[in-house]
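Inspection log for the structure reproduced underneath, given as structure tokens.
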Amino acid sequence: MSVEELSDGIFEIDLDGRKTLATKNIMPGISVYGERLFREEGVEYRLWDPRRSKLGAMVLKKFEIPLKYDSTVLYLGAASGTTVSHVSDILRDGLVYAVEFSPRTMRDLIQLCDQRPNIIPILADANKPLSYAHIVEKADVIFQDVAQPNQAEIASVNSKYFLEKHGHLILSIKSRSIDTLASPKKIFKDEVHKLEGGFGVEFEVLQRKELDSFHEDHLGLVARMFVDGE
Amino acid sequence: MVSEFTVWFGRLTLDEAGELIDCHPFEKNPDILAERLLELQEGGQKVPATAPDLRRLAFDCGFVDMDEDYDVLLRDVCIRAAKNRISSTDTDDVRIVHAVEALDDIDKNVNELSERLLEWYGLYFPELELTGEPLSRFVLAFGSRANVPDDHPLFEKASKSMGSELSFADEELLRSFASNLCSLYDTRRHIESYIVTGMGSLAPNLADVAGALLGARLISIAGSLQKLASFPSSTVQVIGANRALFKHLRSNTPPPKHGIIFNNIIIKNAPWWQRGKLARAFAAKISLASRTDFYSGKKDPSIKEKLELKLTAIRNANPSPPKKETKPGGKASGARGKGRKKKGGKR
Ligand SMILES: C[S@@+](CC[C@H](N)C(=O)[O-])C[C@H]1O[C@@H](n2cnc3c(N)ncnc32)[C@H](O)[C@@H]1O
């Protein structure tokens, strides 16, 4: 068995010839969503299933993930926290603000927050960033996976308000939430175009790739925000 | 320009550059902070143009003096706030479902029992033309018709009745039977007002658009507000039409046009040729209202307003029944012709 750190807190592990993704479990002994735990040289890892996580799939699709061990992250569309739990592992010295607007889903997320010290749950609509402006501080990274028709707009308004200068946006775009009939390629192109200046902020797209074989009709994207006068 | 900004830990006065001019930190009581946090979330206060550095401001303000304290307290407060909001939304819909189903149970029992009372008491006072609740109240109040006082409007009928005499034992029995029925009627009213109040907080938009009882019934048949919110409006339209729906699936009868939303007065009282269109418009807004309730929980009066506009438009556009297609020389207007074609094509 060999363990290689791909980027801060994200590991690729060779388990009997099969490569898998994992994060260091900051809560040893606890599996969050039924994922396997295992030990290597005294450290416990949690396997990270890319089929259940857009971010996981992006790692395997060779995205450079801009998360650092001490980042402050605003996570939009936290759901019950499958991916958030791995982000929480990665940010061993950071903090993730997890926004989710469905009260039922929030209940599961709260259980996760009860266990982990670095997740702040916020029950709110990501369309209305001002409804959590009194809670959330400036973020180094905004991660968004909301499956809504106006994904580019949500990402833009949140970035405009909360993202640090030169901060990064990690975005998963689901074409079928935008239009079930049009071709995904065309939708992705339109959304990226909107991001590049449609809503009063501008991004430089660093990487974009479809997440197929893990998530159909999804585009992954990493971008960096431009600042006025550059 | 100086601006005021209330944040989770205190009231701040900031200058243009976002620097602290003045500050009132709140007391470090997590429960109170959580409550205020939720109020602020609803409040829609003016905020600075871009996020100020809340953490540094909390230090400047003297609220905390270590990163770790900030994290620990904020996390505690946010968890409390989220739990509060969830526990109030979450069990509500289960309670409403029970209440609606209890209403149906009561109705079933009340129907049987009042039917029984009608026939039974009819032996002793066949001329009495009361049924339902008035009958039960009458029997409870007087028992034997001999007890009806002479200033009572039914005194005449009671004294001339051809019914048999009521023995003391039978009178006692009938009175206690009627008394039980009356308390069922009372409970029923009690539950109804419970549903109206409960729906006002659980699903204010649905209650506004469909009425509290119909709204509660839709939630109950769907299973939960979440499920109702997830249905397309074409399904909402036929909720409760189970029998017609199964018949449609089994044999070749046309699919049901209306489920229980057809019970709504607006549709019931409409002329037959408008009902389908009205029901469709109604279902669409009910669906929107339940989604708004489930996801945002905030009242949006514009849903009902738009529904009213739509209903009026439908009424105005369809003032008279469509003419039969076979009539010679039919001067069917373009719009009507289209409607007919669509209907024929589906068969
Ligand atoms: C595809 S799931 C996210 C899965 C999650 N990122 C993971 O990998 O574990 C999308 C989530 O976004 C939430 N959502 C959708 N629209 C939202 C909005 N406007 N504000 C906040 N959350 C939203 C949904 O309730 C749902 O839980």
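The values are calculated or read from the model by the stated rules, or taken from the named source; none is laboratory data. None of these values were measured; they are calculated from a predicted model. Please note: Cβ atoms are built from the backbone with ideal geometry, for glycine as well, and neighbour counts cover all protein chains shown. Accessible surface areas use protein heavy atoms only, side chains included; no ligands, DNA or RNA. Shrake-Rupley method; radii C 1.70, N 1.55, O 1.52, S 1.80 Å.
Residue under question is residue B:216, and the condition is that it be within 24 Å of residue B:109 (Cβ to Cβ), in the same structural domain as residue B:285 (by TED's automatic domain parsing), touching a residue at least 40 places away in the same chain (Cβ under 8 Å) and part of a helix (DSSP H, G or I); does it hold? For residue B:216, the condition - within 24 Å of residue B:109 (Cβ to Cβ), in the same structural domain as residue B:285 (by TED's automatic domain parsing), touching a residue at least 40 places away in the same chain (Cβ under 8 Å) and part of a helix (DSSP H, G or I) - is met.
Evaluating residue B:63 against the criteria (1) touching a strand residue (DSSP E or B) at 6+ places or on another chain (Cβ under 6 Å); (2) part of a helix (DSSP H, G or I) leaves one unmet condition, (2).
Counting only residues that are away from the ligand (no atom under 14 Å from the Cβ) and polar (S, T, N, Q), region A:62-82 holds 2 of them.
Which one is nearest to the other protein chains (Cβ to nearest Cβ) among residues in region B:44-61 that are among the small types (Gly, Ala, Ser) and open to solvent by less than 60 Å² (accessible area, probe 1.4 Å)? Let's see the steps before the verdict.
As a first pass, look at region B:44-61 and keep what is among the small types (Gly, Ala, Ser): B:44, B:49, B:51, B:58.
Restricting the remaining residues to those that are open to solvent by less than 60 Å² (accessible area, probe 1.4 Å) gives B:51, B:58.
On the way: B:51: 5, B:58: 9 Å.
Ranking the qualifying residues of region B:44-61, first place goes to B:51.
Note on region A:37-54: residues that are away from the ligand (no atom under 14 Å from the Cβ) and outside any strand (DSSP E or B) amount to 2.
Give the residues of region A:12-36 that are part of a strand (DSSP E or B), among the aliphatic types (A, V, I, L, M) and surrounded by fewer than 18 Cβ atoms within 10 Å (Cβ to Cβ), sorted by residue number. Scanning region A:12-36 gives a single hit, A:15. Within region B:41-73, the set of residues being on the phi > 0 side of the Ramachandran plot and free of Cβ contacts under 8 Å to residues at least 12 places away in the same chain comprises B:44 only.
Regarding residue A:104, is this residue in a strand (DSSP E or B) and over 17 Å from the mean Cα position of the chain (by Cα)?
Taking the combined requirement at face value, the residue does not satisfy it.
Screening region B:23-50 for residues that are outside any helix (DSSP H, G or I) and farther than 18 Å from residue B:2 by Cβ and picking the one that is nearest to the chain's Cα centre (by Cα) gives B:44. Taken as a whole, the structure places residue B:123 among residues that are out of contact with any Leu (no Cβ under 6 Å at 6 or more places or on another chain) and touching a residue at least 24 places away in the same chain (Cβ under 8 Å). Taking region A:51-86 as the range and being more than 17 Å from residue A:222 (Cα to Cα) and either more than 9 Å from the chain's Cα centre (by Cα) or without any contact (Cβ under 8 Å) to a residue 40 or more places away in the chain (or both) as the test, the residues that pass are A:51, A:52, A:69, A:70, A:79, A:80, A:81, A:82, A:84, A:85, A:86.
Can you pull out the helices (runs of 4 or more DSSP H) entirely within region B:240-341 that have at least 3 residues that are open to solvent by 60 Å² or more (accessible area, probe 1.4 Å) and modelled with pLDDT under 75?
On the way: elements: B:242-250, B:265-268, B:272-295, B:302-317.
Of the helices (runs of 4 or more DSSP H) lying wholly inside region B:240-341, those with at least 3 residues that are open to solvent by 60 Å² or more (accessible area, probe 1.4 Å) and modelled with pLDDT under 75 span B:242-250.
With respect to residue B:231, is the statement that it is within 27 Å of residue B:318 (Cα to Cα), under 17 Å from the mean Cα position of the chain (by Cα) and modelled with pLDDT of 70 or more true? Outline the logic, then answer.
Working: within 27 Å of residue B:318 (Cα to Cα): no; under 17 Å from the mean Cα position of the chain (by Cα): yes; modelled with pLDDT of 70 or more: yes.
In short, no.
Considering region B:132-202, the qualifying helices (runs of 4 or more DSSP H), each wholly inside and each with 1 or more residues that are open to solvent by 40 Å² or more (accessible area, probe 1.4 Å) and within 19 Å of residue B:100 (Cα to Cα), run over B:168-202.
Residue A:117 - would you say it is within 11 Å of chain B (Cβ to nearest Cβ) and either within 13 Å of the ligand (Cβ to nearest atom) or surrounded by fewer than 19 Cβ atoms within 10 Å (Cβ to Cβ) (or both)? Taking the combined requirement at face value, the residue satisfies it.
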